[in-house]
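What follows is a set of notes on a single structure, which appears directly below.
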Amino acid sequence: MKDYRRNQYEQAFENWLIDNRIQYIAVDEHKKTAFERCKIKSFDFLVYAHGGQTIIAEVKGRKFKGTSFAKLAGLECWVTADDVDGLANWQKIFGAGHQAVFVFTYDVEKIDVDFDGRDVFDFKASRYVFFCIKLGDYRRAMKRRSPKWQTVTLPADKFRQCAIEIGELLL
């Protein structure tokens with residue numbers, strides 16, 4: 001059963017999983033506080049990809065205000081250091097056969113956008129494009145964004161190298 005208290009980005013991703021008949025387990029929002037006791041930031045979904053691998057997914061919602069996905073420019077991909085550390089810990093806990101990823105869920109704000117052949121998911125009067133970045137790739141390429149807010153990001157060229165369309169990873 002869907003938890004409708006999830007944010008719009010998590011809801012869009014969950015509904016994409018449902019529409020594509022991909023099995024998953026959503027982390028219960030009410031039980032996330034239990035994770036706080038063990039000092040590991042929780043993740044959002046365990047996804048059972050068609051290839052047999054289990055994906056530990058942390059969904060990050062961002063707005064896309066550009067007009068084209070052709071060069072993958074203007075795509076924010078920052079996360080917190082806690083996000084990176086949490087996923088790394090969960091990947092270690094779950095072990096072999098599990099892959100931790102960030103799922104960047106972009107809410108496309110403009111009407112006339114060149115998607116450059118990428119899949120677009122319509123959900124609740126919005127359009128979304130999903131990109132995944134494997135945790136290992138993210139960690140190797142990340143740069144500090146804000147020391148004050150403890151955030152990291154990928155330079156644009158590294159994002160272009162590391163980003164995988166969601167279908168390539170899960171279908």
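Each row is one residue, and each column tells you yes or no for (1) in contact with a Ser or Thr (Cβ under 9 Å, 6 or more places away or on another chain); (2) under 17 Å from Phe159 (Cβ atoms); (3) at pLDDT 95 or above; (4) surrounded by 14 or more Cβ atoms within 10 Å (Cβ to Cβ).
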{"site": "Ile18", "(1), (2), (3), (4)": "no, no, yes, no"}
{"site": "Gln23", "(1), (2), (3), (4)": "no, no, yes, no"}
{"site": "Ala34", "(1), (2), (3), (4)": "yes, no, no, no"}
{"site": "Ile40", "(1), (2), (3), (4)": "no, no, no, yes"}
{"site": "Val47", "(1), (2), (3), (4)": "yes, no, yes, yes"}
{"site": "Thr54", "(1), (2), (3), (4)": "no, no, yes, yes"}
{"site": "Ala73", "(1), (2), (3), (4)": "no, yes, no, no"}
{"site": "Phe94", "(1), (2), (3), (4)": "yes, no, yes, yes"}
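Scanning segment 65-83 for residues being closer than 16 Å to Arg127 by Cβ and free of Cβ contacts under 8 Å to residues at least 60 places away in the same chain gives a total of 5.
Go through Lys124, Lys134 for me and flag whichever is under 16 Å from Lys63 (Cβ atoms) and touching a helix residue (DSSP H, G or I) at 6+ places or on another chain (Cβ under 9 Å).
On the way: Lys134 fails: under 16 Å from Lys63 (Cβ atoms).
The unique qualifying residue is Lys124.
Going by what's in this entry, would Glu58 be described as at pLDDT 90 or above, assigned to a helix (DSSP H, G or I) and within 14 Å of the chain's Cα centre (by Cα)? Spell out how you get there, then give the answer.
Details: at pLDDT 90 or above: yes; assigned to a helix (DSSP H, G or I): no; within 14 Å of the chain's Cα centre (by Cα): yes.
Against the criterion (at pLDDT 90 or above, assigned to a helix (DSSP H, G or I) and within 14 Å of the chain's Cα centre (by Cα)), Glu58 does not qualify.
Against the list (1) in contact (Cβ under 8 Å) with a residue 40 or more places away in the chain; (2) in contact with a helix residue (DSSP H, G or I) (Cβ under 9 Å, 6 or more places away or on another chain); (3) crowded, with 18+ Cβ neighbours inside 10 Å, the condition Leu169 fails is (2).
Report, by residue number, each residue of segment 135-157 that is over 16 Å from the mean Cα position of the chain (by Cα), in a helix (DSSP H, G or I) and free of Cβ contacts under 8 Å to residues at least 40 places away in the same chain. Steps first, answer last, please.
Of all residues in segment 135-157, those over 16 Å from the mean Cα position of the chain (by Cα) come to 140-141, 143-150, 155-157.
When the remaining residues are screened for being in a helix (DSSP H, G or I), the result is 140-141, 156-157.
Hits for segment 135-157 are Arg140, Ala141, Asp157.
A residue that is touching a residue at least 60 places away in the same chain (Cβ under 8 Å), touching a helix residue (DSSP H, G or I) at 6+ places or on another chain (Cβ under 7 Å) and in a helix (DSSP H, G or I) occurs nowhere in segment 34-47.
The values are calculated or read from the model by the stated rules, or taken from the named source; none is laboratory data. Because the structure is predicted, anything quoted here is derived from the model rather than measured. When we count neighbours, we look across all protein chains shown, and the Cβ atoms used for this are built from the backbone with ideal geometry, even at glycine.
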